[in-house]
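**Q** The structure's right below; bear with me while I get my questions together.
The values are calculated or read from the model by the stated rules, or taken from the named source; none is laboratory data. All of these numbers come straight from a predicted model, not from anything done at the bench. Positions of Cβ are generated from backbone atoms using ideal geometry, with glycine treated the same way; all protein chains shown enter the neighbour counts.
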Amino acid sequence: MRISSGRRSPPLSAETIALGLTSYIVLLFSLSVHESAHAWTALQQGDPTAQSLGRISLNPLVHIDIIGTVVMPLLMIFTGVPLLGWAKPTPVDPRLFKDVRRGQIIVSGAGPVSNLLLALLFTAALFVAVRLMLGSTLEEPVLRLLDIGVQINVLLAIFNLVPLPPLDGSHVVEWALPNGLGHRYIRAIGPYGGLILLALVMSGVLFRLLSPILEFVLRILYSLVR
């Protein structure tokens, strides 16, 4: 996931490292909420698998994927490239859902929805901070932190709704499309989804496609702050 919060400083500058570490902390929290939302929603649909593994938790340690949550993000912070990261997928057993189709859609959508709710919370906090901290020495770092929170969570929500495996959007499409279209789509693209996604991310094409949506949502949220 590309995390952007304005213009980046040159690699290894103090500002770049500080911004990167701040973004990383917010990313860890946001990913924990995302995966915990999947786990909690699965439990509500009748599947206790994730709960039994301790995944209904905001503790990032239970959601960490060593490569996606530690190595890659930290490496990118210290090389000055856009931040990319992911968490360990939340295990679910759809056979335990009260209604398999409905459960799959709801559980898959819970992660992105949780990030949209977090984006709204960060926006509300930004609204309050702008009005209470004018002239304060803490104004700039606090506003920057809240701004990063808004951007990361909007991006996480939009990114995860892309209908390519293994993203949440692919599961929503698989079960939401009528007449078995979703299942046929996943069977056709499933084996190549990860490679397609990686190519789109590394080439920058995906984020060029998502940028108009990201900017539209951010424009709406920031208009609430003014």
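**Q** In this structure, is LEU84 at pLDDT 85 or above and either under 17 Å from the mean Cα position of the chain (by Cα) or farther than 22 Å from GLY149 by Cβ (or both)?
**A** No.
So that you can scan it fast, the table gives a plain yes or no per residue for (1) modelled with pLDDT of 90 or more; (2) over 17 Å from LEU210 (Cα atoms); (3) out of contact with any Asp or Glu (no Cβ under 7 Å at 6 or more places or on another chain); (4) in a helix (DSSP H, G or I):
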position	(1), (2), (3), (4)
PRO141	no, yes, yes, yes
ASP147	yes, yes, yes, yes
VAL150	yes, no, yes, yes
LEU156	yes, no, yes, yes
SER170	yes, no, yes, yes
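**Q** Of all residues in the range 38-66, count the ones that are assigned to a loop (DSSP other than H, G, I, E, B), at pLDDT 90 or above and closer than 21 Å to ASN153 by Cβ.
**A** Residues in the range 38-66 being assigned to a loop (DSSP other than H, G, I, E, B), at pLDDT 90 or above and closer than 21 Å to ASN153 by Cβ: 7 in total.
**Q** Given ILE189, ILE152, ILE220, which one is out of contact with any Gly (no Cβ under 8 Å at 6 or more places or on another chain), crowded, with 19+ Cβ neighbours inside 10 Å, on the phi < 0 side of the Ramachandran plot and not basic (Lys, Arg)? Steps first, please.
**A** Values: ILE189 fails: crowded, with 19+ Cβ neighbours inside 10 Å; ILE220 fails: crowded, with 19+ Cβ neighbours inside 10 Å.
Only one candidate qualifies: ILE152.
**Q** Next up: Anything in the range 100-120 that is more than 17 Å from GLY169 (Cα to Cα) and touching a residue at least 12 places away in the same chain (Cβ under 8 Å)? List them, or say none.
**A** Passing the criteria: LEU118, ALA119, LEU120.
**Q** Test VAL107 against the criterion of being over 17 Å from the mean Cα position of the chain (by Cα) and surrounded by 15 or more Cβ atoms within 10 Å (Cβ to Cβ), and give yes or no. I'd like the intermediate steps shown before the answer.
**A** On the way: over 17 Å from the mean Cα position of the chain (by Cα): no; surrounded by 15 or more Cβ atoms within 10 Å (Cβ to Cβ): yes.
Answer is no for this residue.
**Q** Residues in the range 126-135 that are in a helix (DSSP H, G or I) and either surrounded by 14 or more Cβ atoms within 10 Å (Cβ to Cβ) or touching a Gly at 6+ places or on another chain (Cβ under 8 Å) (or both): how many?
**A** The qualifying residues number 4.
**Q** Right, here's the next one. Which pairs turn up if I take residues in the range 37-48 that are under 14 Å from ILE105 (Cβ atoms) and surrounded by fewer than 23 Cβ atoms within 10 Å (Cβ to Cβ) and look for partners that are at pLDDT below 95 and basic (Lys, Arg) with beta carbon separation below 7 Å, at least 6 apart in sequence or on another chain?
**A** GLN45/LYS98
**Q** Do you know which of the residues in the range 209-226 that are at pLDDT 90 or above and not hydrophobic (A, V, I, L, M, F, W, C) is farthest from the chain's Cα centre (by Cα)?
**A** Kept after step one, since they are at pLDDT 90 or above, are these residues of the range 209-226: 209-225.
Keeping just the survivors that are not hydrophobic (A, V, I, L, M, F, W, C) gives 211-212, 215, 219, 222-223.
Working: SER211: 15, PRO212: 17, GLU215: 16, ARG219: 19, TYR222: 19, SER223: 22 Å.
It comes out as SER223.
**Q** Of the residues THR69, THR90, THR123, only one is without any contact (Cβ under 8 Å) to a residue 60 or more places away in the chain, buried (at least 18 other Cβ atoms within 10 Å of the Cβ), among the hydroxyl-bearing types (Ser, Thr, Tyr) and part of a helix (DSSP H, G or I); which?
**A** THR69
**Q** Return the residues of the range 114-158 that are out of contact with any His (no Cβ under 6 Å at 6 or more places or on another chain) and of a type in the set (Gly, Ala, Ser); say none if nothing qualifies.
**A** ALA119, ALA124, ALA125, ALA129, GLY135, SER136, GLY149, ALA157
**Q** Is there a residue being of a type in the set (Ser, Thr, Tyr), surrounded by fewer than 17 Cβ atoms within 10 Å (Cβ to Cβ) and over 24 Å from LEU19 (Cβ atoms) anywhere in the range 137-148?
**A** Here is the first cut: in the range 137-148, the ones of a type in the set (Ser, Thr, Tyr) are 137.
Pick out the ones that are also surrounded by fewer than 17 Cβ atoms within 10 Å (Cβ to Cβ) and you get 137.
Checking which are over 24 Å from LEU19 (Cβ atoms) leaves us with none.
No.
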